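**Q** Structure below; questions to follow.
The values are calculated or read from the model by the stated rules, or taken from the named source; none is laboratory data. Treat the numbers as computed from the prediction; the structure is a model and nothing was measured. All Cβ positions, glycine included, derive from the backbone under ideal geometry; neighbour counts span all protein chains shown.
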Amino acid sequence: MIKVLVVHGPNLNLLGQRQPEIYGTTTLAEIDRQLHALARAEGAAVETFQTNHEGAIIDRLHGAQGRYGAIVLNAGALTHYSYAIRDAIASISVPVVEVHLSNIHAREPFRISVIAPVARGQIAGFGAHSYLLGLRAALAIAADGARRARRKP
């Protein structure tokens, strides 16, 4: 069974109440329920984790080796300046799908992603659906990796 780790970064615990005009009204608990339901429907498992601390994200990324087929990561504002998270992603073999609720490319100029160059891909601008799209991508990537691993002699 494919397992995917979903990591929610800083301030995402406030979803539903924090700037709903940008981030919507769906709460983090609702997003997590949707992710678990989608994973079950696809015959997979998902573990979700939220933290407001950069080091905790890095620890989870490092600990994903051998435990998960892929990672879905919304690093929140850390996306824009955390070279430590970027380096952590680059140092592991588990593929990472970067997700964002808002379209970071249509917002303030500082909202670039320093982690995009080391992520497998990025999904942004679809609200809570970004997570579900990210999970679908992560499951496909993990399944491809599992097929390749089985073919190796």
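**Q** Filter the range 1-53 down to residues that are of a type in the set (A, V, I, L, M, F, W, C) and modelled with pLDDT under 95 and give me whichever is nearest to residue 142 (Cα to Cα). Write out each step before concluding.
**A** Going through the range 1-53, the residues of a type in the set (A, V, I, L, M, F, W, C) turn out to be 1-2, 4-7, 12, 14-15, 22, 28-29, 31, 35, 37-39, 41, 44-46, 49.
Those left that are additionally modelled with pLDDT under 95: 1, 14-15, 22.
Numbers: 1: 10, 14: 30, 15: 28, 22: 31 Å.
Selected residue: 1.
**Q** Just to verify a result, which residue in the range 1-28, among those that are within 15 Å of the chain's Cα centre (by Cα), of a type in the set (A, V, I, L, M) and in a helix (DSSP H, G or I), is surrounded by the fewest Cβ atoms within 10 Å (Cβ to Cβ)?
**A** Among them, the one singled out is 28.
**Q** Name, by its number, the condition in (1) part of a loop (DSSP other than H, G, I, E, B); (2) within 17 Å of residue 142 (Cβ to Cβ); (3) touching a residue at least 12 places away in the same chain (Cβ under 8 Å) that does not hold for residue 66.
**A** Failed condition: (3).
**Q** So, one more: Take residue 106 and tell me if it is touching a strand residue (DSSP E or B) at 6+ places or on another chain (Cβ under 8 Å) and under 22 Å from residue 82 (Cβ atoms).
**A** no
**Q** Okay, next question. Just to verify a result, which residue in the range 35-65, among those that are of a type in the set (S, T, N, Q) and surrounded by fewer than 17 Cβ atoms within 10 Å (Cβ to Cβ), is farthest from residue 76 (Cα to Cα)?
**A** Within the range 35-65, the subset of a type in the set (S, T, N, Q) is 48, 50-52, 65.
Going one step further and asking which of them are surrounded by fewer than 17 Cβ atoms within 10 Å (Cβ to Cβ), we end up with 52, 65.
Working: 52: 9, 65: 22 Å.
The extreme case among them is 65.
**Q** Report whether or not residue 134 is closer than 18 Å to residue 38 by Cβ and either surrounded by fewer than 22 Cβ atoms within 10 Å (Cβ to Cβ) or of a type outside the set (Val, Ile, Thr) (or both).
**A** yes
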